[in-house]
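Worksheet: one structure, shown below.
The values are calculated or read from the model by the stated rules, or taken from the named source; none is laboratory data. Owing to the predicted nature of the structure, the values given are computational and were not obtained by experimental measurement. Here the Cβ positions follow ideal geometry from the backbone for every residue, glycine too, while neighbour counts run over all protein chains shown. These area figures cover heavy atoms from the full protein model, side chains too; ligands, DNA and RNA do not enter into them. Shrake-Rupley method; radii C 1.70, N 1.55, O 1.52, S 1.80 Å.
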Amino acid sequence: MFRMPLPALRHLALATSLALGSLFSPLTLAQEPIRIAFIDPQSGSFAATGNSAYQVLTFAAEHYYNSRGGVLGGRRLEVVALDNKAAVADSQLQLRRAISEGMQFVISGQSSAVASALSTGIERHNERNPEARVLLLNYAAVDPVLTEDACSFWHFRFDAHADMKMAVMADHIAANPAITRVYVIGQDYSFGQAVGAAAARLLPARRADLQLVGNELHPIGQVKDFTPYISKIVASGANAVVTGNWGADMVALAHGIADAGLDLPVYTFYAAYDGITRTLGEAGRNRIHMVHNDHANPFPSDERRDFTRAFEAAHPELNVTQPRLVNTLMMLVQAMEAAGSSDPLQVALALEDSRLTTMTGEQIWMRPQDHQLFAPLHVSVHTDEGIEFDLDRSGWGLRTVHTTPLEATLTPSSCQMQRPAP
Amino acid sequence: MADALLFATLNGLVTGLLLFMLASGVTLIFSMMGVLNFAHASFYMLGAYFAFSLSQHLGFWPALLLAPLLTGVLGALVERYGLRQVHRHGAVAELVFTFGLAFLIEELVQLFWGRATQDFRVPALLDFPLFTLFGQDFPAWRAFMLLLSLGIFAGLYAGLTRTRYGLILRAAITHPQTVANLGHNVPRIFMLAFGVGTALAGLAGVIAGPVLGTWPGMAASLGSLVFVIVVIGGLGSLTGAFVAALLIGLLQSWAIASSVGMADVLALLGVSFPPDHPLRDLWRLTLPQVAPLLPYVLLVLMLLLRPAGLAGNRED
Amino acid sequence: MSLLRLEQVSKQFGRTRVLHAVDLAIEPGECHAIIGPNGAGKSTLFHLISGLLRPDSGQIAFEGKPIHGLPSEQIARRGIARSFQISQLFTRLSVFENLRCALLWPMGYGCSLRHLLGREKALNARADALLDELGLQALRDVPAGELAYAAQRALELGLAIAGDARLILLDEPVAGMSHSEAAQALALIRRVTAERTLLLVEHDMSVVFELADRITVLARGEVIATDTPARIRTNARVQEVYLGTGAGGQSDA
Amino acid sequence: MGSRKAWAAAAALLGALPLLFDSVLSVGILNQMLIAVLFALSYNTLLGQGGLLSFGHAVYFGLGGYVAAHALRLTELGSIGMPLVLLPLAGAAGGLLAALLLGSVSTRRGGTAFTMISLGLGELLAAAALILVAFFGGEAGISGDRTAGPALLGVNFARETQVYYHAAVWVFLGALCLAAFRQTPAGRLAMAVRDNPLRAQCLGYSAARVRLLCFLVAGTFAGLAGALFAIHNEIITSQALGTANAGQVLLMCFLGGTGYFLGPVLGAVLLTLCSALLSDYTTLSTLYLGLLFVGCVMFLPEGLGGLLVQLHARWRHGRLGSLARPLARCALPTAALLLSGVLLLELAAREGEVLHVAGLALQAANVWSWLGLAGFGAVASLLLRRELPALQAAWQQTGAAHISQGRP
């Protein structure tokens, strides 16, 4: 995909010419576009999400800003996709490319490993090269540590982290008196482990008769058949399942539960979009519950409807799967306009404590203390009834059944941020 | 506990037999050609994808027949135009070729079908619970998988012992030179064996695709496991592969059903660790947590203690 | 004391009895040949002595110490070298490298990490001398796998005699050679093993009777006779079980 | 001494490269290249020299990297004060230790058994890295600040070029050691055991011991490369010891040629460049790498290094000229065939997009686009089939002449 202007020239330069090294040096002209590096997988197994996120971001930049005269008095926003193949080493390389080409903003999200590498990488780069600082906008990596012990001044997170989402989920579960016995199962890595630990901590605290009857971890991507796990869930007498699984592990788990004829609600974080909704289909009906900050069925606002329709008209094969990408872009532009410049330090300072009304009409807030975004969180259910905005062109979609207001999502943070000297 | 054990056993059998369908192909190919086919599970994946696409136009049952055939033809072509070319460069090159092929097939599948899990479903005819025990359904499809794998095993056994081609195949397994000297076209037999082996893998893919998921990672997660089975069973031994496949299927299933953990074992020994001990992750391990990794542990142990495998007689 | 002594050595593969209660004594300095029809167990005997196989029962002693059950490298280090019926060369290494590898242990280098081969003058000189001796100097840098058959056999022999082993086992050293090549090889064998003890398996009776001081006849895994060539020639049992197949024993195998 | 000149030239090249390519990105790519070169060289010590095909060599790279990353982190926290220049030694020690532990069980036998154990251990370690959070740091991995340690002659390694030169020195030394290892008795015996373990045993060498020694050397330098990786990125995650990384290094060695010391160097340089740059032009970069790999195994068993050596030999004997004509006649159809193949794949990857090539607008939805490309490719392949035998014959002929000159 010829996503970037003149790539051939640039790399011929790198590969063959010696003197053209200066091509990489940053250029900042007044009407120069503001280039945003989007470091996410564009090839390999995780590319689907990265591709569609890139399209949403590009479309939003066009729709809201470029078609209306740009930002900061006429500068265009240009999103440049830099493929990191979901790997840490490639992410570091793409960060260097972004720096080389004078990009000052990096948006990234898939995989907490990548986010953590980019966050520490950028922190050190900014410390060592104060003249060419970079800002990281994380739209999806939810390892709490990124805004807790490992927080960085140059990192802003626009998604709720795992513990926040688990808290909302716990509220929702506790509000349903029919649920007394909960089984937790997850992939054996940071996120799955975090979900398990948070569930064990939060659920019994919400309601006295709510108990955890299983807390199981399995190696990620290694389970061929989930039926043995389903048997254990049955044997435990659980009446709800909580899982942090995503991808094929999520689909297989949901199908296993449906095949075994279990009528259990399943509480999840990543059980939709990019083919999963279509594949789940009937097996997920009223069973799959998902915590996220999207809220689309019924459409909460005309603006959200217009944006979605326009995007789907331009990209018939895609959905607006992660509207928080639009929030990320909007908050970034708002901060730039407030700072009156695209200087990362000024923009970062303007981002802190900023508030925004999103296209769904909700208020969101960037907490200055740890650079964690707070927004109303929703629990939605997988269904084909009352769905105006379906996913994967399947007729199936997510209908909001529970909303936790922004104030109720606030959690304390252990972040001790090193702030740059003014 | 008894109910969990019963279901664990049933599921272990289903998985074990499925694994055997793959392992039998790898064994057949290894015995004849001395090639460990790393890409075997990729043909399993292709079987599932072919069946998915075919079933959208022709319905499931014709796909059940056609997809393995298509896979087998593709496998034969790979042998004829790929492996035979590489054979001259030695065993390492052959293994590396199939390794690269596995990688390539995964990429091609992603190119043509996309990266998401496909909506490949059990046919309506068999989409009902066969029986319900202790509150859990046993789907009719799983029973069908069980029967079909047993049927394949019986068919393979009969084919190898009763038919002329089977006799030549078996002879070629043990004495390839002699068979060639007797005037049989050994390259063609090789191509046939590769075709049959990959068709079996394709069939396994067709019946497993709807329940285990049809997605680009389905081969990678199974490929190494099939290898492990063939090695544990003893390279070149069908019986060994059968025993090893069932063993691993059941072992994983039972391990998941259990809830024994290191902490329990240590408690029995009267040892305990503070929660922030550097080895805390180790003593928190439970058997179900590591169940999918048990085959690899078994492999390493086996190669250390009995390098020839359960029923193997070949050293290398 | 015999240099090598086998007592009641037996070996079976599955149900097939390959060697049964073999007794054999090799005296220092002699050239001892083992003959027998195909399948008599000659190669198996060599494998047992050199440690590639283990006897099911019985004892093998070298210089009075038991060696059965030792791994083959240990046996080699005690001073038993061997050649193979089918050449076993380091195919991708040059002829010179092959010989140099064979000299590393005898010359005390072992698996050293401290020496650089290019700088070891004594080692290289000896490998070159060996090349001359084998008549392979012209093929010095050709990979062993690309050699013609006769050159391969010469190198095979070279690997067996390179060290200073006290006992050398040669498994059909001239098989498949033309008359002139065989004569050359024979002269070479005689020259390099003059001071050493030689145990030989050979089908070519002219070679056997020319080289051997003593001959052991093996048939169906059992020793039928051990004696001087002259008396073996006239031994009635040998005539009966063996020479009948060899048409007087004078033809090439 | 020709080889001494070659090493001096290599050193000069290493010194000059960052002066020629001085952007942050190019120095970053050069750094990755250096690390890949050392990793590939260590892998080829195992594969090319020892004949041991491993699917788990990334384990030693990763563990070496983790040891270095922990040392980096402890230095940053002030617990220890290890100068950065010594970290690679810590990584090498980590690699050696891991190779000693795992190698003593896996090198008892060569061939398929070794490959299988390496696969099993590789999968186990990769899975364990996600489960055992205390040492491997979970998904986020272990990170540290490379500037935290005591500065050396005023160099604090904040700048990329400083890190580059640091890595260059270590990689140069590492390559020198590995080249020297080929010249030691142990290194030469590794080749002997590769070619014929049976014969090696009958000459008094324990094949298992030689293999273990070879394995230890490979593990040590993989650990060294891993440490350089950790220093360069200032972070290491479980991806470093995963199977994908192990496959990558196998690809490098086969691409460059396992039979030559410089083969893996060539492969590492090419592959690093490809994977860094290819993804800008296409989303199918991994597919092309896979095709390149399989094609290389099928048609260039000696790798690009082998091809270059053959070409060089023909050039030295003045026989390159007779190859020129058939080569030129094959070049056009080959290029056309490759072009049509690439365009077909690109077309398949882009639903709903239009591909503009040479004034033509190709579209996935348009049957004629497909048919046209397929036809173009078919014609090219027919032409190639006609021309190829001449090239093959010429190649054989010039080669035979060369070999016969090497013989008496």
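Among all residues of region D:235-248, there is at least one that is of a type in the set (Val, Ile, Thr), open to solvent by 10 Å² or more (accessible area, probe 1.4 Å), more than 9 Å from chain A (Cβ to nearest Cβ) and in contact with a helix residue (DSSP H, G or I) (Cβ under 7 Å, 6 or more places away or on another chain). Return yes or no: is B:Val260 free of Cβ contacts under 8 Å to residues at least 40 places away in the same chain and open to solvent by 20 Å² or more (accessible area, probe 1.4 Å)? Against the criterion (free of Cβ contacts under 8 Å to residues at least 40 places away in the same chain and open to solvent by 20 Å² or more (accessible area, probe 1.4 Å)), B:Val260 qualifies.
Filtering region D:304-320 down to residues that are part of a helix (DSSP H, G or I) and within 25 Å of D:Arg385 (Cβ to Cβ), which residue is nearest to the other protein chains (Cβ to nearest Cβ)?
Per the criteria, the residue is D:Gly306.
Scanning region B:136-158 for residues that are of a type in the set (Gly, Ala, Ser) and surrounded by 14 or more Cβ atoms within 10 Å (Cβ to Cβ), we see that the one that is nearest to the other protein chains (Cβ to nearest Cβ) is B:Ala140.
Do we find that C:Leu134 is aliphatic (A, V, I, L, M), more than 7 Å from chain D (Cβ to nearest Cβ) and closer than 24 Å to C:Gln74 by Cβ in this structure? It is false that C:Leu134 is aliphatic (A, V, I, L, M), more than 7 Å from chain D (Cβ to nearest Cβ) and closer than 24 Å to C:Gln74 by Cβ. Being more than 10 Å from every other protein chain (Cβ to nearest Cβ), under 21 Å from D:Tyr60 (Cβ atoms) and in contact (Cβ under 8 Å) with a residue 40 or more places away in the chain narrows it down to one of D:Ala179, D:Ala126, so name that one. Sole residue among the options that is more than 10 Å from every other protein chain (Cβ to nearest Cβ), under 21 Å from D:Tyr60 (Cβ atoms) and in contact (Cβ under 8 Å) with a residue 40 or more places away in the chain: D:Ala179. Of all residues in region A:342-371 being touching a residue at least 60 places away in the same chain (Cβ under 8 Å) and assigned to a loop (DSSP other than H, G, I, E, B), which is nearest to A:Glu32 (Cα to Cα)? Step by step, filter region A:342-371, then rank; the result is A:Ser342.
Among the residues making up region C:138-156, those that are open to solvent by less than 10 Å² (accessible area, probe 1.4 Å) and touching a Leu at 6+ places or on another chain (Cβ under 8 Å) are C:Ala144, C:Leu155, C:Glu156.
Just the residues that are open to solvent by 40 Å² or more (accessible area, probe 1.4 Å) and under 19 Å from B:Met21 (Cβ atoms), please, taken from region B:159-169. So that I can check it myself, show each step before the final result.
Step one: filter region B:159-169 for residues open to solvent by 40 Å² or more (accessible area, probe 1.4 Å), giving B:161-165, B:167.
The one that is open to solvent by 40 Å² or more (accessible area, probe 1.4 Å) and under 19 Å from B:Met21 (Cβ atoms): B:Thr161.
What do you reckon, is D:Gly377 within 28 Å of the chain's Cα centre (by Cα), crowded, with 16+ Cβ neighbours inside 10 Å and either within 30 Å of A:Ala47 (Cβ to Cβ) or small (Gly, Ala, Ser) (or both)?
Details: within 28 Å of the chain's Cα centre (by Cα): no; crowded, with 16+ Cβ neighbours inside 10 Å: yes; either within 30 Å of A:Ala47 (Cβ to Cβ) or small (Gly, Ala, Ser) (or both): yes.
Judged against the criteria, D:Gly377 is not a match.
Can we say B:Gly217 is modelled with pLDDT under 85 and either touching a Gly at 6+ places or on another chain (Cβ under 7 Å) or within 10 Å of B:Pro68 (Cα to Cα) (or both)? Criteria met by B:Gly217. Do we find that A:Leu318 is more than 9 Å from every other protein chain (Cβ to nearest Cβ), surrounded by fewer than 24 Cβ atoms within 10 Å (Cβ to Cβ) and over 24 Å from A:Thr357 (Cβ atoms) in this structure? Considered against the rule, which asks whether it is more than 9 Å from every other protein chain (Cβ to nearest Cβ), surrounded by fewer than 24 Cβ atoms within 10 Å (Cβ to Cβ) and over 24 Å from A:Thr357 (Cβ atoms), A:Leu318 comes out as yes.
If you check D:Phe55 against the conditions, is it over 22 Å from the mean Cα position of the chain (by Cα) and either farther than 23 Å from A:Val145 by Cβ or open to solvent by less than 40 Å² (accessible area, probe 1.4 Å) (or both)? For D:Phe55, the condition - over 22 Å from the mean Cα position of the chain (by Cα) and either farther than 23 Å from A:Val145 by Cβ or open to solvent by less than 40 Å² (accessible area, probe 1.4 Å) (or both) - is not met. Just so you know, in region A:277-309 the residues that are open to solvent by 30 Å² or more (accessible area, probe 1.4 Å) and outside any loop (DSSP other than H, G, I, E, B) include one that is nearest to the other protein chains (Cβ to nearest Cβ), and it is A:Arg278.
Each row is one residue, and each column tells you yes or no for (1) touching an Asp or Glu at 6+ places or on another chain (Cβ under 7 Å); (2) surrounded by fewer than 22 Cβ atoms within 10 Å (Cβ to Cβ); (3) more than 23 Å from D:Gly65 (Cβ to Cβ); (4) within 13 Å of another protein chain (Cβ to nearest Cβ).
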site: D:His166; (1), (2), (3), (4): no, no, no, no
site: D:Trp170; (1), (2), (3), (4): no, no, no, no
site: D:Arg194; (1), (2), (3), (4): no, no, yes, yes
site: D:Ala200; (1), (2), (3), (4): no, no, yes, yes
site: D:Leu224; (1), (2), (3), (4): no, no, no, no
site: D:Leu228; (1), (2), (3), (4): no, no, no, yes
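Of note, A:Ala335 does not satisfy the criterion of being surrounded by fewer than 22 Cβ atoms within 10 Å (Cβ to Cβ) and assigned to a helix (DSSP H, G or I).
In the condition set (1) open to solvent by 10 Å² or more (accessible area, probe 1.4 Å); (2) at pLDDT below 85; (3) more than 12 Å from chain A (Cβ to nearest Cβ), B:Gly309 is compliant with all but (1). On the given criteria, is C:Arg190 part of a helix (DSSP H, G or I), touching a Pro at 6+ places or on another chain (Cβ under 8 Å) and within 19 Å of C:Arg82 (Cα to Cα)? When the stated conditions are applied, C:Arg190 does not pass them.
Residue by residue through region C:105-131, note down the ones that are open to solvent by less than 30 Å² (accessible area, probe 1.4 Å) and at the interface with chain D (Cβ under 10 Å from one of its Cβ atoms). Break it down into steps so the answer makes sense when it comes.
Residues of region C:105-131 that are open to solvent by less than 30 Å² (accessible area, probe 1.4 Å), as a first pass: C:110, C:112, C:117, C:123-124, C:127, C:130-131.
Within region C:105-131, C:Gly110, C:Ser112, C:Leu117, C:Leu123 qualify.
There is at least one residue in region A:343-355 that is under 22 Å from A:Phe105 (Cα atoms) and β-branched (Val, Ile, Thr).
Do the conditions hold for B:Ala171, that is, is it in a helix (DSSP H, G or I) and free of Cβ contacts under 8 Å to residues at least 40 places away in the same chain? It is true that B:Ala171 is in a helix (DSSP H, G or I) and free of Cβ contacts under 8 Å to residues at least 40 places away in the same chain.
Every residue, every condition in (1) part of a loop (DSSP other than H, G, I, E, B); (2) in contact (Cβ under 8 Å) with a residue 60 or more places away in the chain, yes or no:
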residue	(1), (2)
C:Ala40	yes, yes
C:Arg54	yes, no
C:Ile60	no, no
C:Ala81	no, yes
C:Ile86	yes, no
C:Pro106	yes, no
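Here B:Gly233 fulfils each of the conditions (1) closer than 23 Å to D:Gly122 by Cβ; (2) more than 14 Å from chain A (Cβ to nearest Cβ); (3) modelled with pLDDT of 90 or more apart from (3). For region C:178-192, a residue qualifies if it is of a type outside the set (Gly, Ala, Ser) and crowded, with 18+ Cβ neighbours inside 10 Å, and the qualifying residues are C:Leu186, C:Leu188, C:Ile189, C:Val192.
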